[in-house]
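Reading through the structure tokens given below for one structure.
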Amino acid sequence: MRDVVIVTAAGDSFFEWVLSLVASLRDLRLVPRIPFAVVDVGLRPQQKQMLMHAGISVVNPKLPHWWHASPTDNPGAASLLTRQHYPEMFRHAQIILHVDADIWIATPAVIEDAIAAARSATVDIAAALHDHPSYRADKVTVRWRAEMRRHYAREPARLTPVLASEYVNAGLFAASARSPVWQAWQDVFSRWALKPGNRHIHDQAALNVAIEEAGLRLHRLDPTCNWLLHLALPAIEPRTGHLVEPVAPFRPISAIHVAGKDKLQVHSLQALGCGGFDTSLDRKSFIRARDRWLRQAR
């Protein structure tokens, strides 16, 4: 799949998460079969050298003309503002798959499904929604999302009310380099930049507005392709130790998104029908705790 590139963006504080993402892709033999690149928004020189030594491309971000800060001044903002410009940064790629650095991949299904959807002539973007029966309903977050959408909209009064289950998560998405999503996303941000008091840079709200205003064709990836840990904990399949959705039919989770502020929080994971164990859900901690539990169970 040399016409595909998997991209993430990271600075110094997310370097260990990038290593985890890369390790998960390598274990599944997805990388180097599919090229992988890291957009540098504040990596240290030795971190860049380590990635390049491992065969990972490290590229400088392309930022909008109206953004005057250095990526190192605000790595978080730079990582959000560079992704709309990926086709200009990865001109060799026909399909671009973005994965947030705090995601790790458990099965190839998410990569295969997202790429296949993005290749379709009837799809402008493939992404998962905040849509699963086990996800918590957080009224404060829903109101904040609504406020952000109004902040980015051309005509806020004409926005269609959106339920939490209809909200696209921008942590993992795929699109053709020729898709209109990139320009529509840029246009929303450029319009926002001219507004007074534009304090909140929120790429996800801008993407949702771009999809709605431009009438973009969304392919809904299954929630197991971008499982949002801050909304629901997964369960453990006791025979294999795989993470699965916590309600029937207990499908395997393909991408674990360690979203939220306390990424190393210890959780009590429940196995289907027989106990469980405590662990944080970063990849290294989870695998260590899972393997120990499986050995004891046998």
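The values are calculated or read from the model by the stated rules, or taken from the named source; none is laboratory data. Predicted model only: the values in this text are computed from it and were never measured. When we count neighbours, we look across all protein chains shown, and the Cβ atoms used for this are built from the backbone with ideal geometry, even at glycine.
What do you reckon, is residue 294 over 22 Å from residue 15 (Cβ atoms) and in a loop (DSSP other than H, G, I, E, B)?
Taking the combined requirement at face value, the residue does not satisfy it.
Only one residue in 142, 123 is under 18 Å from residue 170 (Cα atoms), in contact (Cβ under 8 Å) with a residue 12 or more places away in the chain and surrounded by fewer than 17 Cβ atoms within 10 Å (Cβ to Cβ), so which one is that?
Exactly one of 142, 123 is under 18 Å from residue 170 (Cα atoms), in contact (Cβ under 8 Å) with a residue 12 or more places away in the chain and surrounded by fewer than 17 Cβ atoms within 10 Å (Cβ to Cβ), namely 142.
Quick check: anything in segment 256-275 under 22 Å from residue 99 (Cα atoms), crowded, with 16+ Cβ neighbours inside 10 Å and not hydrophobic (A, V, I, L, M, F, W, C)?
Yes; the residues of segment 256-275 include at least one that is under 22 Å from residue 99 (Cα atoms), crowded, with 16+ Cβ neighbours inside 10 Å and not hydrophobic (A, V, I, L, M, F, W, C).
Any idea which residue in segment 236-255 is surrounded by the fewest Cβ atoms within 10 Å (Cβ to Cβ), counting only those that are of a type in the set (A, V, I, L, M, F, W, C) and farther than 18 Å from residue 27 by Cα?
248
So, in segment 181-206, exactly how many residues are in contact with a helix residue (DSSP H, G or I) (Cβ under 6 Å, 6 or more places away or on another chain) and either more than 12 Å from residue 153 (Cα to Cα) or buried (at least 22 other Cβ atoms within 10 Å of the Cβ) (or both)?
Residues flagged as in contact with a helix residue (DSSP H, G or I) (Cβ under 6 Å, 6 or more places away or on another chain) and either more than 12 Å from residue 153 (Cα to Cα) or buried (at least 22 other Cβ atoms within 10 Å of the Cβ) (or both) within segment 181-206 amount to 12.
Which ones in segment 126-137 are in a loop (DSSP other than H, G, I, E, B) and either under 19 Å from residue 184 (Cα atoms) or touching a residue at least 60 places away in the same chain (Cβ under 8 Å) (or both)?
130, 131, 132, 133, 134, 135, 136
Which condition does residue 281 not pass, out of (1) surrounded by fewer than 20 Cβ atoms within 10 Å (Cβ to Cβ); (2) in contact with a Leu (Cβ under 8 Å, 6 or more places away or on another chain); (3) closer than 23 Å to residue 30 by Cα, if it passes all the others?
(1)
Among the helices (runs of 4 or more DSSP H) lying completely within segment 38-103, list those that include at least 1 residues that are under 24 Å from residue 184 (Cα atoms).
75-82, 86-89
Quick check: is even one residue across segment 8-18 in a helix (DSSP H, G or I) and free of Cβ contacts under 8 Å to residues at least 12 places away in the same chain?
Looking for residues that are in a helix (DSSP H, G or I) and free of Cβ contacts under 8 Å to residues at least 12 places away in the same chain, one finds at least one in segment 8-18, hence yes.
Every residue, every condition in (1) at pLDDT below 95; (2) surrounded by 16 or more Cβ atoms within 10 Å (Cβ to Cβ); (3) more than 23 Å from residue 218 (Cα to Cα), yes or no:
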| residue | (1), (2), (3) |
| --- | --- |
| 45 | no, no, yes |
| 66 | yes, no, yes |
| 69 | yes, no, yes |
| 76 | yes, no, yes |
| 80 | yes, yes, no |
| 90 | no, yes, no |
| 97 | no, yes, no |
| 111 | no, yes, no |
